[in-house]
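To keep things clear, I will list the structure first and then write my remarks on it.
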Amino acid sequence: MRIALLAAECAPVAKVGGLGDFIHGLGRALIAEGVDVEVLLPDYDCLRADLITGRQLVRDDLWFDFAGAPLRCRVSHAWVDGLRCCLLAPDSPAGFFQRGRIYGEPDDALRFACYVRAALEYFHQAEAWPDILHCNDWQTALVPVLLYEDYERRSVTRTRVCYSLHNLGYQGWTDPAVLSALGLDIARLMTPDRLQDGAAPDRANLMQGGIVFANFVTTVSPRYAWEVLRTEQGMGLQTVLTNKAQRFAGVLNGIDPVSWNPRKDPLIPHPFDATQLAGKTANTQVLRARLGLREANKPLLAIVSRLDQQKGVALMAQAMVYTLAQGGQFVLLGSALDPQIQARFERLRHDYQGSPDCHLELGYDEALAHLIYAGADLMLVPSLYEPCGLTQMIAMRYGCVPIVRRVGGLADTVFDANFCVLPPEQRNGFVFDTAEPAALEFALDRALGLWLHYPEHFAALRLNGMRIERSWQQAARQYLTIYRGLSAEIAND
């Protein structure tokens with residue numbers, strides 16, 4: 001079985017968020033299951049070239065029509081951490097992938113539409129279509145639309161599409177002219193049951209089109225799948241998803257057990273695991289020294305996160321004040337694209353600059369993130385919504401007990417120490433329901449109190465989390481079941 005993974009990101013060479021980890025982790029796990037996998041990426045000028053090996057130009061004459069003109073594309077093959085990658089470089093006059101960054105351009109919809117066309121032409125001109133095209137988020141939502149509105153008419157009938165939704169907060173709303181750039185019929189596609197956005201009929205919704213045209217749709221946790229069908233988390237796509245309900249599933253993401261392994265992590269000074277926790281204590285001392293915190297018998301609460309509304313920034317600020325008032329220590333690593341949010345946390349950093357129990361690092365530092373996971377006692381993830389979340393899974397692997405809001409993948413992976421039907425040995429953190437200060441403070445009280453007054457129970461909770469297996473293999477096997485079901489449909493056609 002041949003699988004092509006199409007996405008705007010692939011860690012570690014093109015990573016903005018969890019999507020990059022998904023492609024890297026799932027791709028490697030599928031290969032371990034014996035699957036033939038290829039990742040297709042735009043050939044960004046900001047790719048981490050130092051992490052790419054065996055790069056070779058294989059075509060410089062992949063021509064296709066785009067926006068009413070012929071466009072030439074260069075195709076390179078390369079390897080990224082064991083993944084076979086195809087890098088596509090359309091020679092567009094606008095320099096679509098020569099912008100120094102992956103996202104955030106006003107013509108993003110046109111840029112990724114060009115990438116999608118290049119990817120499908122790569123397969124078509126080589127007469128080597130994979131069995132499954134697995135596309136991801138709005139940037140590749142036009143894959144199934146093009147496949148069935150264009151390539152099926154060119155006798156491409158043996159390929160199926162699995163489409164994964166990573167965050168419905170970003171749906172690819174755009175001018176319908178993007179469809180014309182691909183030679184698609186706007187009048188045919190701009191209807192409520194295809195790509196016409198329900199909230200704004202004059203714009204196209206690319207994610208909606210991907211859902212409608214895909215053969216199977218997934219999202220990144222069972223709880224998030226339930227939420228987007230039945231609550232406001234569907235963000236306007238509830239009806240479209242309900243119509244697809246028989247071909248829609250939530251598959252919980254994993255984490256890379258090699259990159260996130262406290263026993264072998266080169267970015268932390270003292271290795272440790274569930275059988276030997278002395279290194280955890282030593283890492284806490286290193287973390288405090290690095291960030292200027294005093295050495296004290298206090299619980300250390302951390303946040304490692306993007307600072308935006310989705311992640312619950314108001315609750316983060318509340319947690320900092322409350323933790324310090326309760327005699328704990330607080331560390332935050334993160335930054336915001338929104339200048340108002342960034343300014344708010346810069347003010348907090350200034351106000352608490354002299355505190356021996358508080359440190360805010362407003363940026364991103366990969367090594368520091370690893371050290372925080374390794375040294376902190378508690379990790380707060382107060383998201384307003386969270387499709388899956390990797391932070392809580394990484395935290396548990398590093399013996400850092402999570403405190404989370406009961407949404408999305410957080411609800412699928414964290415089970416409350418006090419209020420849970422599971423047996424004690426399966427409980428691994430603290431959970432609160434509403435995005436209100438009182439709910440957050442109740443969870444913080446229980447977490448800080450357990451650390452301070454019942455250390456043996458806190459230690460047991462820490463070990464419960466460390467022993468949980470969260471690798472990508474289980475997810476890969478679930479995706480294989482989906483792929484095989486789609487392949488069986490092809491055989492029966």
Alpha carbon convex hull of the stretch 304-350, projected area averaged over orientations, nm²: 3.1
Among Ala488, His270, Gln246, whose Cα sits farthest toward the positive end of the charge dipole of the chain (+1 at Cβ of Lys/Arg, -1 at Cβ of Asp/Glu, about the Cα centre)? His270
What percentage of all Cα-Cα pairs in the stretch 369-447 are separated by more than 22 Å? 16
Let's test the formula: R0 of 45 Å, r as the Cβ-Cβ distance of Leu337 and Arg406. What FRET efficiency results, to the nearest 0.05? 0.95
Equivalent ellipsoid, the stretch 62-195 (semi-axes from 5 times Cα gyration tensor eigenvalues, Å): 21, 19, 17
Length added when fully stretched, Thr239-Glu366, from 0.36 nm per residue minus Cα-Cα: 41.7 nm
Sorted by Cβ density within 10 Å, fewest first, the residues Glu152, Glu366: Glu366, Glu152
Note on the chain, DSSP bridge orientation, antiparallel percent to nearest 5 equals 35
Computed over the stretch 419-464, the convex hull of the Cα set has an average projected area, in nm², of 3.3
Please compute P(r) over all alpha-carbon pairs of the stretch 236-294, binned at 10 Å starting from zero, and give each bin as a whole-number percent. 19, 27, 17, 12, 21, 5
For the stretch 178-236, how big is Rg over Rh, using alpha carbon atoms and the Kirkwood form of Rh? 1.03
For q = 0.17 Å⁻¹, Debye-computed log10 I/I(0) when each Cα of the stretch 278-466 counts as one equal scatterer: -1.08
Once you order the gyration tensor axes a ≥ b ≥ c over the Cα atoms, which shape class does the stretch 58-100 get: rounded for a/c under 1.5, otherwise prolate or oblate by comparing a/b with b/c? oblate
In nm, give the distance between the simple-model label positions of Leu463 and Tyr170, each being 7 Å from the Cα along the Cα-to-Cβ direction. 4.1
Per its Cα gyration tensor (rounded if a/c is under 1.5, else prolate when a/b beats b/c, else oblate), the stretch 1-114 is best filed as prolate
Based on other C-beta atoms within 10 Å, arrange Phe64, Phe216, Phe442 from fewest to most. Phe442, Phe64, Phe216
Candidate cut points under GluC sites (Glu not before Pro) in the stretch 419-493, DSSP loop plus at most 16 other Cβ atoms within 10 Å of their own Cβ, are Glu469
Phe419 to Asp65: FRET efficiency via 1/(1 + (r/R0)^6), r the Cβ-Cβ distance, R0 51 Å, to the nearest 0.05? 0.30
Taking a ≥ b ≥ c as the square roots of the Cα gyration tensor eigenvalues, with a/c under 1.5 meaning rounded and otherwise prolate when a/b beats b/c, else oblate, which class fits the stretch 100-160? prolate
Out of the trypsin sites (Lys or Arg not before Pro) in the stretch 42-133, which ones are loop residues according to DSSP with at most 12 other C-beta atoms within 10 Å? Arg101
Pop the C-beta distance of Val286 and Arg154 into the FRET formula with R0 = 60 Å and round what comes out to the nearest 0.05. 0.50
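Quick note: the coordinates plus some simple rules give every number you see, no bench work behind them. Because the structure is predicted, anything quoted here is derived from the model rather than measured. Cβ atoms come from the backbone with ideal geometry, glycine included; neighbour counts cover every protein chain shown.
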